[in-house]
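Contents: one structure, followed by commentary.
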Amino acid sequence: MELIDINANIRTAAGNSPSRGIRREGNIPGVIYGPGSESVLISINAHDLELALKKAQMSQIIFNLKLQNADFPARSAIAKEIQVHPVSRKFMHVDFYEISKDRKITVKVPIAIRGKAKGVENGGILQSILREVEVSCLPFEVPDAIPVDISSLDIGDSIHIGDLPKMDNIDFADDAQMTVLTISSSMGDDRSAGAKTEEAESAPAAGGKKGA
């Protein structure tokens, strides 16, 4: 996980009108919440958040929120949700979930494919069903990626959540039967097989009368 400092200010007014004013100043309204603590309304600089997200994926960042006008100077949190305007793509609101170094969190981690499947070398196609999976672990033990070796996979083989490599102190949150990736036959072979089937169905049966 990437630890990134970001300044935040406490805000007291909620609602659409105050939020619009915050955005006009180049900031984003947000909230910090978590178990055992009251929700706190904040605002952060939009450019600071944009720079942070260029360094790492949202799920791979722990934000050290430095509260500029509060009795408690800093809080560690992950960004749970960032709302983006559908047209301008500007940040509209951000939800931060406060974390503790000794309390597990659930985050999404990307799949890192290793090797080349023998099924692909034989003309098959690698189909990635899941690009990332949910894991449950302590905040500072979140892996950068889950490595998956596909070298031994042949056409028709698949890897499921339950097949992923076991890692110390890390649990997979998704169903063990969920498919991560599969090696399918090539589309060309599928089209060829379909054409042959159509030809067989349209051809006259052996010994049949012409013009019947």
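Residue count for the stretch 40-62 satisfying the condition of being touching a Ser or Thr at 6+ places or on another chain (Cβ under 7 Å) and charged (D, E, K, R): 0.
Per-residue answers, yes or no, for (1) within 30 Å of residue 15 (Cβ to Cβ); (2) surrounded by 13 or more Cβ atoms within 10 Å (Cβ to Cβ); (3) acidic (Asp, Glu):
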position	(1), (2), (3)
80	yes, yes, no
89	yes, no, no
98	yes, yes, yes
104	no, yes, no
137	no, yes, no
141	no, yes, yes
156	no, no, no
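Looking across the stretch 93-120, just one residue is assigned to a loop (DSSP other than H, G, I, E, B) and under 14 Å from residue 135 (Cβ atoms), and that is 104. Taking the condition touching an Asp or Glu at 6+ places or on another chain (Cβ under 6 Å) and either β-branched (Val, Ile, Thr) or over 14 Å from residue 90 (Cα atoms) (or both), does residue 61 pass? The answer is yes for residue 61.
Each row is one residue, and each column tells you yes or no for (1) under 18 Å from residue 117 (Cβ atoms); (2) modelled with pLDDT of 95 or more; (3) surrounded by 12 or more Cβ atoms within 10 Å (Cβ to Cβ); (4) among the small types (Gly, Ala, Ser).
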site: 170; (1), (2), (3), (4): no, no, yes, no
site: 179; (1), (2), (3), (4): yes, yes, yes, no
site: 188; (1), (2), (3), (4): yes, no, no, yes
site: 209; (1), (2), (3), (4): no, no, no, no
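Counting just the residues of the stretch 121-137 that are within 18 Å of the chain's Cα centre (by Cα) and part of a loop (DSSP other than H, G, I, E, B), which one comes out nearest to residue 156 (Cα to Cα)? Applying the filter and picking the extreme gives 129.
Annotation: of all residues in the stretch 143-154 being more than 19 Å from residue 119 (Cβ to Cβ) and surrounded by 15 or more Cβ atoms within 10 Å (Cβ to Cβ), the one that is modelled with the highest pLDDT is 146.
The values are calculated or read from the model by the stated rules, or taken from the named source; none is laboratory data. The model shown is predicted, which means the values in this text are computed figures rather than measured ones. Cβ: placed from backbone, ideal geometry, glycine included. Neighbour counts: every protein chain shown.
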